[in-house]
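Reviewing the structure listed below.
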Amino acid sequence: MDPSASELFVAPVERWAAVRDLLSSPEIEVCESSAAPVADRLATSRGLLRRLAERYAAGPGDALQVRRVCAQCGSTAHGRPELVGGPEVSLSRCDRYVVALVAGARCGVDVERLDRRSGQLHEIGASVLSARERAALEQVAPGDRRTALLKAWTRKEAVLKAEGSGLLRDPSDVPVDGDTAVVDGRVWWLTTNALTPEGVLVSTATAVPLGPLPPIRRYVSDDAAWL
């Protein structure tokens with residue numbers, strides 16, 4: 001895959017039993033012991049990842065190995081996903097959707113609902129923005145402030161996923177300047193898109209500038225390619 005190439009996939013969160021056949025035995029056990037919303041989001045994200053492993057394999061009927069290794073504790077039960085021998089991949093989920101970014105270079109993606117409650121956003125802004133960024137946000141027109149905060153927040157989360165540190169790094173220490181962020185001397189290139197039908201905001205961070213983003217691929221529950 002060309003380093004500047006990418007594809008963005010969106011799938012609605014399914015009842016986990018609908019994608020049971022795509023799950024491993026340990027994943028099924030986790031779903032069976034978890035509350036429905038948690039199980040559904042987990043199953044949908046793992047199911048989408050396995051469909052991507054098939055999509056980017058060498059030929060029909062093949063599938064890339066899916067691997068997860070936590071950079072902090074070494075666990076294979078969680079951590080950054082990897083399509084072994086394939087392109088880079090990153091996943092994010094909110095309560096209603098799972099989003100996957102596949103790219104030719106190291107990448108991260110984050111998704112959040114556009115209708116988050118104002119009280120939640122106020123708390124988020126206080127925790128993820130630097131003092132300079134909070135001051136800049138105050139200069140944004142009140143009607144545009146919600147989207148501006150969500151944009152900054154999701155871009156920071158995408159960078160943290162791309163570099164592999166997750167929330168071990170304080171988001172307020174990730175400076176977002178225009179369409180780039182520089183962390184430990186490394187430049188990450190940023191994009192943000194509002195997906196109107198889903199009512200979510202999706203931000204990406206990649207190690208190289210992305211070329212034109214192809215049409216977003218949406219999986220739905222009656223799509224044979226998904227189920």
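What follows draws every value from the coordinates through simple rules; no lab data is involved. Just so you know, these numbers come straight off a predicted model, no measurement behind them. Neighbour counts run over all protein chains shown; Cβ positions are idealised from the backbone, glycine included.
Of all trypsin sites (Lys or Arg not before Pro) in the stretch 1-52, which ones are in loop regions per DSSP and have a Cβ with at most 14 other Cβ atoms within 10 Å? Don't skip to the answer; put the middle values down first.
Details: sites: Arg15, Arg20, Arg41, Arg46, Arg50, Arg51; in loops: Arg15.
Qualifying residues, ordered by number: Arg15.
Given R₀ = 25 Å, what would the calculated FRET efficiency be for Ala141 paired with Val187, taking r from the Cβ atoms and rounding to 0.05?
Values: r = 29 Å, r/R0 = 1.18.
Taking R0 as 25 Å, the efficiency between Ala141 and Val187 is 0.25.
If you place +1 on the Cβ of every Lys and Arg and -1 on the Cβ of every Asp and Glu, how big does the dipole about the Cα centre of the stretch 105-210 come out, in debye to the nearest 20? Working shown, then result.
Numbers: 14 positive and 15 negative charges, 16 e Å.
It works out to roughly 80 debye.
When only C-alpha pairs under 8 Å and at least 6 residues apart count, what is the relative contact order of the chain, in percent?
Numbers: 438 pairs, mean separation 53.6, N = 227.
RCO, the chain: 24 percent.
Along the three principal axes, how long is the stretch 1-87 when you take its alpha carbons, biggest first, rounded to the nearest angstrom?
40, 31, 23
Using alpha carbon centroids, what distance separates the stretch 118-137 and the stretch 30-77, in Å?
33 Å
Taking the Cα atoms of the chain, what is the range of coordinates along each of the three principal axes, in descending order and whole Å?
For the chain, the Cα spread along each principal axis is 53, 37, 37 Å.
Give the residue list of trypsin sites (Lys or Arg not before Pro) in the stretch 89-119 that are DSSP loop and have at most 16 other beta-carbon atoms within 10 angstrom. If you can, show how the numbers build up before the last one.
On the way: sites: Arg93, Arg96, Arg106, Arg113, Arg116, Arg117; in loops: Arg96, Arg106, Arg116, Arg117.
Those satisfying the criteria are Arg96, Arg116, Arg117.
Plugging the Kirkwood radius over Cα pairs into Stokes-Einstein for the stretch 99-227, at a temperature of 4 °C and a viscosity of 1.567 mPa s, what D comes out in µm²/s?
Numbers: Rh = 15.5 Å.
It comes out at roughly 84 µm²/s.
Once both labels are modelled 7 Å past Cα along the beta-carbon direction, what's the Arg218-Val84 spacing in nm?
3.5 nm
Which of Ala181, Ala77, Ala43 ends up with the largest GNM mean-square fluctuation for the chain, with Cα atoms connected below 10 Å?
Greatest mean-square fluctuation among the candidates belongs to Ala77.
Only helices at least 20 Å long along their axis, Cα-based, and averaging -1.0 or more on Kyte-Doolittle count here, so list those DSSP H runs from the chain.
Values: long enough: 36-55 (28 Å, -0.32); 142-163 (32 Å, -0.78).
Span-like helices in the chain: 36-55, 142-163.
With label points built 7 Å along Cα→Cβ from the Cα atoms of Ala77 and Arg132, find their separation and express it in nm.
Simple spin-label model gives 4.1 nm for this pair.
Using helices alone, I'd like the mean residue ellipticity at 222 nm for the chain: each DSSP H run of four-plus residues gives -39500 (n - 2.57), total over residue count, nearest 500.
-10000 deg cm²/dmol, from helical runs alone.
Express the relative contact order of the stretch 105-210 as a whole percentage, based on alpha carbon pairs under 8 Å and six or more residues apart in sequence.
Taking the mean separation of contacting Cα pairs over the length of the stretch 105-210, I get 38 percent.
Quick one: compute the contact order of the stretch 1-87, relative version, from alpha carbon pairs under 8 angstrom and 6+ residues apart, as a percent. Before the final figure, lay out each step's value.
On the way: 99 pairs, mean separation 17.4, N = 87.
Taking the mean separation of contacting Cα pairs over the length of the stretch 1-87, I get 20 percent.
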